[in-house]
1. Rank these for me by crowding, A:Ser245, A:Ser173, going from fewest to most other beta carbons within 10 Å.
2. Using Cβ contacts closer than 10 Å as the measure, can you line up B:Trp93, A:Trp189, A:Trp118 from fewest to most?
3. Hey, in the GNM for chain B with a 10 angstrom Cα cutoff, which one of B:Thr46, B:Thr84, B:Thr30 fluctuates hardest?
4. Under a Cβ-only charge scheme (Lys and Arg +1, Asp and Glu -1), can you give me the dipole magnitude of the range B:2-112 about the Cα centre, in debye to the nearest 20?
5. Show the residues, 5+ positions off or on another chain, whose built amide H is closer than 5 Å to the amide H of B:Gly88.
6. For chain A, what is the charge dipole size about the Cα centre, in debye to the nearest 20, if Lys and Arg each add +1 at the Cβ and Asp and Glu each add -1 at the Cβ?
7. Given R₀ = 22 Å, FRET efficiency for A:Ile229-B:Arg22 by Cβ-Cβ distance, to 0.05?
8. Take A:Tyr201, B:Tyr52 and order them by how many other Cβ atoms sit within 10 Å, fewest up front.
Amino acid sequence: MRKRAVVGLGLAALVTLLWSLPAHAQEVAEEVVEEAPLTAESVQAVLDNIWVLIAAVLVIFMQAGFALVEAGLTRAKSVANIMMKNLMDFCVGVLAFAAFGFAIAFGTGNDLFGTAGWFLGDNVATNYLAESYPNLTLPTFFIFQVAFAATAATIVSGAMAERTKFRSYFVYSFLITALVYPVIVHWTWGGGWLAQLDTPYVDFAGSSIVHMVGGVAALMGVLFLGPRIGKYGPDGKPRAIPGHSIPFAIIGVFILFIGWFGFNPGSQLAADDAVPAIAVTTLLAGVAGGVMATLAVWLKTGKPDVAMAGNGVLAGLVGITAGCAAVNNLGAVIIGALAGIIVVFAVFGFDRIRIDDPVGAISVHGVCGAFGTLAVGLFATDGGLFYGGGADQLVTQVIGVVAIAAFTAVAMAIVFALIKAVLGLRVPEDEEIAGLDVVEHGAPGYGPDVLAGSGEPVGAGMATAAVGR
Amino acid sequence: MQSLITAVIKPHVLDAVKDALRGVGVQGMTVDEVKGFGRQGGHTETYRGAEYTIDLLPKVKVEVVVSTSDAEKVVDAIANAARTGKIGDGKIWVTSVDRVMRIRTGELGDDAV
């Protein structure tokens with residue numbers, strides 16, 4: 001009897017609670033409605049912010065894609081190092097962009113760089129937002145932009161893989177996101193001089209602003225580093241150093257592909273009816289790049305190479321990023337297809353001239369980023385050369401690509417020269433041969449072998465001599 | 001008479017050893033990834049700040065069967081290719097072999113190596 005009474009009491013309490021909840025919620029909702037009546041505009045503003053926030057998260061997810069592609073295409077003995085570089089360029093890069101980069105990129109200032117709004121303070125970018133995207137809140141806009149800054153930074157880690165000192169990479173990550181990338185953004189998206197040309201520069205989501213900047217930075221890093229030991233034989237011919245996990249690399253490509261649906265459609269910076277069309281041009285270019293890179297490498301070498309096909313998909317995506325809102329579906333397929341062919345020849349070409357880029361980042365992001373931006377001048381349905389728009393847009397695109405590449409090359413040469421002089425850039429030969437994981441980070445990425453006495457505290461084992469490194 | 005030559009070497013010198021063996025006319029070899037230690041001992045690693053020891057280091061074991069008259073030449077070739085001068089370069093030893101047969105043809109002895 002008593003037990004039943006307790007159960008009854010509990011049920012009654014629960015029912016009362018459930019009853020009271022909707023009533024309470026209703027009261028709250030009514031209050032909100034009374035304070036600010038819903039209008040089409042206010043709903044649109046919320047939708048814009050939510051969509052751009054989701055797109056920002058998708059772009060951040062691309063960090064996982066980059067980490068997997070780079071880990072998969074390099075050797076297991078440095079896998080912890082490449083993962084750590086991907087993790088830290090994101091962590092360091094976000095802080096650097098919040099503190100300095102965002103102000104340089106979007107703060108009020110001159111036509112070359114912003115000078116207001118350090119540390120996300122002041123009126124950072126509020127003037128800019130009020131003029132250009134009045135619906136977006138500052139937090140929404142910041143998280144979207146910082147995701148792009150981190151993307152530009154992380155492109156470099158793969159090209160410099162397996163031979164760069166971690167501390168030097170740490171410093172590089174800070175400098176590119178704090179000082180170099182934001183200047184390019186101010187020139188373009190921030191309303192600087194390239195946006196003010198008579199025919200304004202078009203790079204919708206960053207083929208040049210994000211990808212080419214990363215690719216050129218990677219090229220400068222590799223020039224300062226030199227090739228990995230064993231990449232070139234005594235005869236000077238390039239040798240293959242196969243990556244350790246094709247599954248990692250291809251899952252990484254798919255994650256990047258998914259992330260790109262935040263990168264390009266999100267760059268509309270609004271939840272409107274242009275977004276799905278941008279998603280379709282992005283999709284078509286990515287797959288066209290994959291198909292054409294596969295065919296190109298198949299014809300050239302006799303085998304449909306898997307890693308090269310992955311590079312081809314990314315090349316198509318990088319290529320369409322500038323023009324995804326300006327070209328039609330046919331234009332997107334052609335841009336993606338050409339990028340897929342270009343990337344194959346770029347990879348082989350860099351290999352031949354002793355530029356050792358283990359993951360093809362310079363070819364994918366640098367070369368195809370430049371190509372995609374120039375292609376806007378050809379394929380834009382409004383203003384493109386092939387659509388009767390004359391050469392004005394193409395000329396602007398050439399000016400922009402050359403200016404951005406030149407500034408990035410000079411700025412990053414200074415950055416890497418400084419780092420090389422102060423910290424050194426390359427690990428010692430012994431460390432490179434052994435792999436970077438143990439010396440740089442203390443332990444291998446795939447864990448010490450059980451057979452080798454994993455986890456045994458120091459002194460318990462029989463080993464006392466230090467290894468000769 | 002044939003001999004089995006076994007060499008335990010540092011993993012990164014394998015390519016050089018392969019080239020050296022081809023250079024003295026060795027037609028084939030068997031290679032294993034192994035772990036072990038000699039005078040080099042192990043080393044310590046750290047994981048989340050805690051140290052632990054690695055006793056057994058990764059090595060590569062190369063085995064070739066050759067005519068005994070060639071054994072000295074082959075041992076020298078391996079030693080020259082695998083020597084870095086640093087501790088942990090490994091060891092080579094030679095054992096005599098009772099009988100060798102090539103499975104496909106049934107050839108025996110020196111004809112089979």
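Each value in this text was obtained by applying a stated rule to the coordinates, not by laboratory testing. Small disclaimer: the values here were computed from a predicted structure and weren't measured. All Cβ positions, even for glycine, are placed from backbone atoms using ideal geometry, and neighbour counts span all protein chains on display.
1. By the 10 Å Cβ count, ascending, the order reads A:Ser245, A:Ser173.
2. On the way: B:Trp93 10, A:Trp189 24, A:Trp118 16.
The most exposed by this proxy come first: B:Trp93, A:Trp118, A:Trp189.
3. B:Thr46
4. Working: 15 positive and 16 negative charges, 51 e Å.
The calculated dipole for the range B:2-112 is roughly 240 debye.
5. Excluding prolines and chain starts, which carry no amide H, the hits are B:Gln40.
6. Details: 20 positive and 32 negative charges, 373 e Å.
Value, rounded to 20: 1800 debye.
7. Values: r = 22 Å, r/R0 = 0.99.
In this case the efficiency is close to 0.50.
8. Working: A:Tyr201 26, B:Tyr52 20.
Final ranking by Cβ density, sparse to dense: B:Tyr52, A:Tyr201.
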